[in-house]
Amino acid sequence: MNAMKTAFLLGLLSALIVGLGQIFGGPRGMIVALGVAAVMNFFSYWFSDRMVLAWHRAQPVAREQAPQLYEILERLTARAGIPMPRVYILPEDAPNAFATGRDPHHAAVAVTHGILRLLSAEELEGVLAHELAHVKNRDILIGSIAATLAAAVMVIANMARWAAFFGGGQRDDRGGANPIALLATVILAPIAATLIQLAVSRSREFQADASGAEMTHNPHGLANALQKLEDSSRRIPMQAAGPASSHLFIVKPFTGGALTALFSTHPPIRERIRRLTGR
């Protein structure tokens, strides 16, 4: 179901690009926008793992430093049929974790000091299974595609601003330029693209929860961990976290109000727990 939802949302983004391209630049304008967006996200796709690990001051750890962490990861990767990822620890008291890397052969899993202190072995296994599910499901690739499509909408919207100066864009019944329709399109299209991109991210979180629970054969371990992590994130926000990397973490590394929830990369914890446990 989540895979179908992701495909539908990516298709919706593509349709939005085609529609805007036809309005403001025809096929050529659409191709230019996609090309610009692809170049914008190419660097991020190939080097995002190094960038985010450096940003959060992640330190590589050997088996001797974290034997339990390695034991759990080796057991889970054997079940999932994927290579062992690189392992990092973040110098953060806030309990959290994330996975990054463009494919299973270039993956890294990072956990904070706080999560190692907070969770039991069963709960930690649930969290690590969730992160390995992101790796196995190639969610970094899917997220990059969604980001590229959304960025293309932004490019076309910017092109539309220039079209307004030369009489292009939406036309009214008398054949003249319709500035209200043009303005509405320029403003609403990027917002719609952003909301669709965030919906893709939330769908992938649900999928990773389900895949992780299947990997461990124990949905309650992850469910219990999610509740603990949400409670702790309210008390101990991450120091180095920001909107650019928040989508990578298993729970939002900082809290916000209703507007923040609308533009959230994560579904509500209560709903995630309900889907995992059936309650």
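Once fully extended, how much extra length lies between residue 47 and residue 65, figured as 0.36 nm per residue of separation less the alpha-carbon to alpha-carbon distance?
That works out to 3.8 nm of additional length.
Given labels modelled 7 Å from the Cα in the Cβ direction, how far is it in nm from residue 234 to residue 32?
Once both label points are built, they end up 5.0 nm from each other.
Which FRET efficiency value, to the nearest 0.05, is calculated for residue 220 and residue 264 with the Förster distance at 30 angstrom and r the Cβ-Cβ distance?
That pair, residue 220 with residue 264, gives E of 0.75.
Lys and Arg at +1, Asp and Glu at -1: add these up for the other residues within a Cβ distance under 12 Å of residue 58 and post the number. Please list the in-between numbers first.
On the way: positive: 50, 57, 86; negative: 49, 92.
Cβ neighbours under 12 Å give a net charge of +1.
Using a Förster radius of 30 Å, what is the FRET efficiency between residue 84 and residue 274 based on their Cβ-Cβ separation? Nearest 0.05, please.
Plugging the Cβ-Cβ distance into 1/(1 + (r/R0)^6) gives 0.40.
For segment 37-129, state which GluC sites (Glu not before Pro) are in a DSSP loop and have at most 15 other beta carbons lying within 10 Å of their beta carbon.
Here the sparse-neighbourhood loop sites are 64.
Tally Lys and Arg at +1 and Asp and Glu at -1 over the other residues with C-beta under 14 Å from the C-beta of residue 86: what net charge comes out?
Working: positive: 50, 63, 102; negative: 49, 74, 103, 131.
Its environment carries a net charge of -1.
Which distance in nm do the two modelled labels at residue 195 and residue 54 give, with both placed 7 Å along the Cα-to-Cβ direction?
Rounded to a tenth, the inter-label distance reads 3.7 nm.
Sequence neighbours fewer than 8 away in the same chain don't count; with that in mind, list the aspartates and glutamates whose C-alpha is under 14 Å from residue 136.
103, 205, 209, 214
Throughout, read-outs are computed from the coordinates displayed, never taken from laboratory work. In this text the structure is predicted, and so the values were computed from the model without any measurement. Cβ atoms come from the backbone with ideal geometry, glycine included; neighbour counts cover every protein chain shown.
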